[in-house]
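Encoded as structure tokens, the structure appears first; notes follow it.
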Amino acid sequence: MTYDPSPSYPHHPPPAYPPPYPPPSPPQAPAPHQAPHRTRRRDALGHHRDLRVLRSAYRWQRRTATLTALGYFTLFLLLSACAPGFMTGTVTDGLPTGLLLALVQLPVTWLAIALYERTARRRVDPLADRIRKEAELDARRGAGR
């Protein structure tokens, strides 16, 4: 797993003392024969809120699938170490509980994979598709200038 150290919001602390240079002059009105400069209504894609949402959705997806598989395996190991009497007991004719729980590990792993794919289809992929389309539109707009 990777750790994303980037902050989830841009933070710019105010200066501790006034800057040594004069403040910028106020913007002047455009000349009557020139069209006013259009400003972008959205932030640049690198600082877009959707990227933070996508990262958090992907993190949630990884944690859910990982905790499902590793949680069951850890439970199995703890039962093996701390409750050997329970693990050696029989469930049916000659089938020990430990062996049954070990065999259940495979379906639990499949469940973790299914959870991972389901959350990808429902949460992560739509966000990624929307961000990809917006990036393509931004690239086309930038190329048209």
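The values are calculated or read from the model by the stated rules, or taken from the named source; none is laboratory data. Here the structure is a predicted model, which means the values were calculated and not measured. FYI the Cβ positions are ideal-geometry reconstructions off the backbone, even for glycines, and counts take in every protein chain you see. Side chains are part of the model used for accessible areas, which takes the heavy atoms of the whole protein and leaves out ligands, DNA and RNA. Shrake-Rupley method; radii C 1.70, N 1.55, O 1.52, S 1.80 Å.
The single condition among (1) farther than 30 Å from ARG52 by Cβ; (2) modelled with pLDDT under 90 that LEU103 does not satisfy is (2). Note on the stretch 57-99: among residues that are touching a residue at least 24 places away in the same chain (Cβ under 8 Å) and more than 20 Å from the chain's Cα centre (by Cα), the one that is most open to solvent (accessible area, probe 1.4 Å) is PHE73. Restricting LEU137, LEU115, LEU127 to those that are exposed (fewer than 14 other Cβ atoms within 10 Å of the Cβ), of a type in the set (A, V, I, L, M, F, W, C) and assigned to a helix (DSSP H, G or I) reduces the list to LEU137.
Close contacts from the stretch 133-144, counting a first residue that is at negative phi and a second that is surrounded by 10 or more Cβ atoms within 10 Å (Cβ to Cβ), with Cβ to Cβ under 7 Å and a gap of 6+ residues or different chains, come to GLU134/LEU45; ALA135/LEU45; ASP138/LEU45.
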